[in-house]
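Nothing in this text is a laboratory measurement; each read-out follows from the coordinates by a stated rule. Please read these numbers as outputs of a predicted model, since none were measured by experiment. Cβ placement follows ideal geometry from the backbone for every residue including glycine, while neighbour counts extend to all protein chains displayed.
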There are 2 protein chains.
Amino acid sequence: MSEKQNIVKPSTLPGFMELLPAEQIRFNRMMDTIRRVYERYGFAPLDTPVIEKSEVLLAKGGGETEKQVYRFMKGDSDLSMRFDLTVPLARYVAQHMGDLTFPFRRYQIGKVYRGERNQKGRFREFYQCDIDVIGREKLSIATDAEIPAIIYNVFTEIGLPPFVIRINNRRLMNGLFAHYGVAGKPEMLRAIDKLEKIGPEKTRKELEEAGIDATAISGVFDFIAIEGTNSEKLAALNDLGIDNEQFREGLKELNTVVTLIRAFGVPEESFAIELKIVRGLDYYTGTVYETLLQDYPEIGSVCSGGRYDNLAEYYTKEKLPGVGISIGLTRLFYQLNEAGILGEENISSLSQALVVPIGDTLETCARVASRLRNAGVVTEVYLEEAKIAKKMNYANKHGIPYVVLIGDEEVADGLLTLKNMADGEQQRLSFEDAAAIIKQ
Amino acid sequence: MSEKQNIVKPSTLPGFMELLPAEQIRFNRMMDTIRRVYERYGFAPLDTPVIEKSEVLLAKGGGETEKQVYRFMKGDSDLSMRFDLTVPLARYVAQHMGDLTFPFRRYQIGKVYRGERNQKGRFREFYQCDIDVIGREKLSIATDAEIPAIIYNVFTEIGLPPFVIRINNRRLMNGLFAHYGVAGKPEMLRAIDKLEKIGPEKTRKELEEAGIDATAISGVFDFIAIEGTNSEKLAALNDLGIDNEQFREGLKELNTVVTLIRAFGVPEESFAIELKIVRGLDYYTGTVYETLLQDYPEIGSVCSGGRYDNLAEYYTKEKLPGVGISIGLTRLFYQLNEAGILGEENISSLSQALVVPIGDTLETCARVASRLRNAGVVTEVYLEEAKIAKKMNYANKHGIPYVVLIGDEEVADGLLTLKNMADGEQQRLSFEDAAAIIKQ
């Protein structure tokens, strides 16, 4: 056994979220809701390793992400910790192609790691909650319409304040750029991506300085500024009469997606065609999504994603188009908490009942607790020797709604004393009646 | 965008389990059951970071474990990945002492990392499912009696074949050793720990060679060989009349624990006093547990744990006694699978219904799917263009029990065709009737 030793100050690393029980319970409730909705849409669970071979995980190479990766040697192995759930999905699908049925619908909820610069609200370990549908060679555009219904149900069931799922189509945008002779100019896409952040005037100036033709800029900006309901926007886009194949294809896709989003049950006020969203430069190829809280635009998108042409080009020659979204749960939870959206409730226990012995009745208490648990009631027994006030205080501190008191009298007459901690009322009841009240 | 590139062979690291969807669904079902039971006993969830400061995580230092730790530098930080959930718990309780209410009951289910030698059935990344109850300064012995009830319910609800929870008390054993004048001889404890593996004769020989007195060996071995029911064993232990304080205390604890295990609802055939289990050398100080599958002793203990005097001596001077157990879920799942205990069921989807359009009925299908989901039915829509046979085959391959067929006729008359995939029977039904049948 250890000798007298030095005490190490207990602490966690910056950027690694750790919650107290009451917060953890709320965090888990959000995660459970996300999982429940994902599952209800027929997505199967997946759980890939947190550590992979660097050669595999970093097959794409380059970019900001690679610099942030937690990469290290163990023995002769060059290892990396996953920085998202998309690369492991690509590897998984390519590796197990023959064992999967397509379209392959999977969800994954897990921690990912990025050695980001340390700043408030940025996390180095955080949960991503992803769904993707992967086709083999092809994937119906109808799939793109199901995704917003999932986003809608997740955030409605979590109980978020009003939100709008914004959708656009990259093919439409590429067609527009081609129409104005600025196809293949990454500045254009980059400018639109930043438009909401830096405003139209600054963006226009940047584009002019980059040598983009003023007519093209005006054309694209006028396009982006099209206002109206979803139907009005679609009509306006149609009326533009832009004669470009990509544009027509993109518009047709957007039309189909909007029609089916409605059929999949998303109310009109909860989704909007938003021509200024493009979601990054080089990944998405068709439909793109982001989700804004109407009253908290400063939080930014709480769920984004889109359609891509080829999931796993680094691992297989097979073409695997897909569509997916990701919720960055750790950041979202942090931001909702900061914004005061999660409420003040401070319940640090899941228990619905605390069984409290008065005097020497522990055996009976254990039996009653066992019966309550068998009846599905989340139950604790206060097992320590303590004054009754301390026992009741334990229930109060944890926010446990009912206390079951058992003294010699209760043992003798086979009844329980049930105390409602909210109003302080006490009743002598049979086990069955008490259990029924606790379960409501 | 990427040019023509080299393909990296997709693969995972040895010792890192990754499952196909059907297995993953079964794995998650086990994990959910464990979580559900842990929660029903009033344990609160905890989720600590996977990476911690090496200085903190390895505060104890030394030992086999430290060699196996995944430890690396990131910038100036010396980091380690957690190798169990107990050290993070100790750090957590010491760090957040003022914010917790004691006894503190937490469960944690998460991945831990050990760079073990690569061999079949050993994992470098694996799930541990832990519960612990931590007291401040003291913790009632009654707590030790609740733990076997949790083990019992977990494994019963998972549907494991018959198992026995074996319990012993280290204080009792220490008293026995003192009685025979071999207290403080680690060989004695080590020998008992290995007894079942190497047999009594070899053990006796080893002890004799280590210079342990033959009378002491015989005394301890006779003790360990005490047979009978739990009550008979307790009576026999009492009748030994060993006059040693530790022995008397240990026996009293064991008596209390057995009495309350019964009150907490564990059937007599599911737990047994087993005097030859000690569970390692230097950690546990009172009650110890292990759990054996009766018909699969070769699997070893599927859930172990015990009582310890001081959880967090490396992080605080405060004394924190506790009791806990751990289920090594990844290994357990692997072993149950290998032993054929998990059955042959091969369902790779959670979906209860697949909605299949026949002809141009996608909008109606989307609406029906949305209603089914709102009614709680896990539902997919087959969105790809394909022949009807291929669509039905998708349901078959995934083991989806019901297909909802919607063609022009169904759209016209507002009914659905429900096909039971098990018996092939088809019926024309209203939405409500179909939903009721699917939900059973």
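Quick check on the exposure proxy: order A:T291, B:T215 from fewest to most C-beta atoms within 10 angstrom.
With the sparsest Cβ surroundings first, the list reads B:T215, A:T291.
Select from B:Q352, B:Q68, B:Q128 the residue whose mean-square fluctuation is largest in a Gaussian network model of chain B (Cα-Cα springs shorter than 10 Å).
Result: B:Q352 has the largest fluctuation of those listed.
For a 30 Å ceiling on Cα separation, which of these pairs sit above it: A:K138/B:K111; A:K120/A:K319; A:K60/A:K185?
Result: A:K138/B:K111; A:K120/A:K319 exceed 30 Å.
Full extension from B:H96 to B:N255: what is 0.36 nm times the residue separation minus their Cα-Cα distance, to one decimal in nm?
Details: separation 159, 0.36 × 159 = 57.24 nm, distance 3.47 nm.
Result: 53.8 nm gained on full extension.
Take the Cα gyration tensor of region A:254-317, multiply each eigenvalue by 5, square-root it, and list the three semi-axes largest first, rounded to whole angstrom. Show your work: numbers first, answer last.
Details: eigenvalues 123, 59, 20 Å².
The three semi-axes for region A:254-317 are 25, 17, 10 Å.
Put a point 7 Å out from Cα along the line to Cβ at B:E268; what are the distances to that point in the other copies, in nm, shortest first?
When each copy's label point is compared with this one, the spacings are 7.2 nm.
Give the value in nm², to one decimal: projected area of the alpha carbon convex hull of chain A, averaged over all directions.
One quarter of the hull surface, i.e. the mean projection, equals 29.7 nm².
Where does the charge balance sit around A:E187 when Lys and Arg score +1, Asp and Glu -1, over other residues with C-beta under 11 Å from its C-beta? Please report the intermediate quantities before stating the final value.
Working: positive: A:K185, A:R190, A:K194; negative: A:D193, A:E206, A:E208, A:E209.
In short, -1.
Please report, for the Cα atoms of region A:97-197, the Rg to one decimal and the Dmax as a whole number; what are they, in angstrom?
Spelled out, the Cα radius of gyration and Dmax of region A:97-197 are 18.2, 46 Å.
Show that you can apply the helix-only estimate: for chain A, add -39,500 (n - 2.57) for every DSSP H stretch of four or more residues, divide by all residues, and state [θ] at 222 nm to the nearest 500.
For chain A, the value works out to -12500 deg cm²/dmol.
Could you work out the pair-distance distribution P(r) of region A:325-383 from its alpha-carbon pairs, with 5 angstrom bin width and percents rounded to whole numbers?
Values per bin, smallest distances first: 4, 16, 17, 12, 10, 8, 10, 11, 8, 4, 1, 0.
If neighbour count is taken as other Cβ atoms inside 10 Å, put B:T229, B:T203 in order from fewest to most.
By the 10 Å Cβ count, ascending, the order reads B:T229, B:T203.
Quick one: 3J(HN,Hα) in Hz for region A:89-104, Karplus 6.51/-1.76/1.60 with θ = phi - 60°, rounded, Gly and Pro as x.
Taking θ as phi minus 60°, the curve returns 5, 4, 4, 4, 5, 5, 6, 10, 2, x, 9, 9, 9, 9, x, 9 Hz for region A:89-104.
Can you tell me the dipole magnitude for the protein assembly as shown around its Cα centre, using point charges on the Cβ only (Lys, Arg +1; Asp, Glu -1), in Debye to the nearest 20?
Working: 108 positive and 128 negative charges, 310 e Å.
Dipole magnitude for the protein assembly as shown comes out near 1500 debye.
So what are region B:353-439's ellipsoid semi-axes, whole angstrom, largest first, if each one is the square root of 5 times an eigenvalue of the alpha-carbon gyration tensor? Kindly include the intermediate steps, with their values, before the conclusion.
On the way: eigenvalues 53, 48, 31 Å².
For region B:353-439, the ellipsoid semi-axes come out as 16, 15, 12 Å.
List the lysines whose Cα sits under 18 Å from the Cα of A:K419, skipping any in the same chain fewer than 8 residues away.
Of all the lysines, those that pass the test against A:K419 - Cα under 18 Å, at least 8 places apart if same chain - are A:K387, A:K390, A:K391, A:K397, A:K439.
For a test of the definition: using alpha carbon positions, the gyration tensor, and the 1.5 limit on a/c, classify region B:127-263 as rounded, prolate or oblate.
prolate
Give, rounded to the nearest 20 debye, the magnitude of the charge dipole that region B:159-221 has about its Cα centre when Lys and Arg contribute +1 at Cβ and Asp and Glu contribute -1 at Cβ.
Values: 10 positive and 8 negative charges, 54 e Å.
With only Lys, Arg, Asp and Glu charged at Cβ, the dipole is about 260 debye.
Arrange the peptides A:77-86, A:113-122 so that the one whose residues have, on average, the most other Cβ atoms within 10 Å appears first.
The peptides rank, most packed first, as A:77-86, A:113-122.
Determine, for A:Y289, B:Y283, A:Y296, the number of other Cβ atoms within 10 Å of each Cβ, and report the residues in order from fewest to most.
Values: A:Y289 27, B:Y283 15, A:Y296 18.
So the ranking, lowest neighbour count to highest, is B:Y283, A:Y296, A:Y289.
In degrees from 0 to 90, rounded to the nearest 10, what is the angle of the helix A:186-198 Cα long axis to the longest principal axis of chain A?
Its long axis makes an angle of about 50 degrees.
Ordered shortest first, which distances in nm separate the 7 Å Cα→C-beta label point of B:K202 from those of the other copies?
7.5
Rounded, prolate or oblate: which one fits region A:236-344, using the alpha carbon gyration tensor with axes a ≥ b ≥ c (rounded when a/c is under 1.5, else prolate when a/b beats b/c, else oblate)? Mind dumping the intermediate values first?
Numbers: a/c = 2.30, a/b = 1.36, b/c = 1.69.
It is oblate, given that a/c is not under 1.5 and a/b is not larger than b/c.
Could you identify which residue out of B:I358, B:I212, B:I109 has the top mean-square fluctuation in a GNM of chain B using Cα springs shorter than 10 Å?
Checking each option, the largest mean-square fluctuation is seen for B:I358.
Which percentage, to the nearest 5, of the DSSP beta bridges contained in the protein assembly as shown is antiparallel?
75
Treat each spin label as a single point 7 Å out from the Cα along the C-beta direction, and report the A:K67 to A:M421 distance in nm.
Roughly 5.0 nm, to one decimal.
Can you give the Kirkwood hydrodynamic radius of the protein assembly as shown from its Cα pairs, in Å with one decimal?
Averaging 1/r across every pair of different Cα atoms and inverting gives 30.4 Å.
So who's got an amide H within less than 5 Å of the one on B:I226, skipping anything under 5 residues away but keeping other chains? H placed 1.01 Å off N, in plane.
Excluding prolines and chain starts, which carry no amide H, there are no hits.
Which residue of chain B is nearest the rotation axis onto chain A, counting by its Cβ, and what is the distance in whole Å?
Measuring from each Cβ to the axis, the minimum is at B:F72, 2.
Please report, for B:E64, the nm distances (one decimal) from its label point, 7 Å out from Cα along the beta-carbon direction, to the equivalent points in the remaining copies, shortest first.
Ordered by distance, the counterparts are at 4.5 nm.
Over region A:7-157, what lengths in whole Å, largest first, do the semi-axes of the equivalent ellipsoid take, defined as the square roots of 5 times the eigenvalues of the alpha-carbon gyration tensor? Don't skip to the answer; put the middle values down first.
Numbers: eigenvalues 164, 113, 35 Å².
They are 29, 24, 13 Å, listed largest first.
For helix B:230-239, report the angle its Cα long axis makes with the longest principal axis of the Cα atoms of chain B; keep it between 0 and 90° and round to the nearest 10°.
Rounded to the nearest ten degrees, it is 10.
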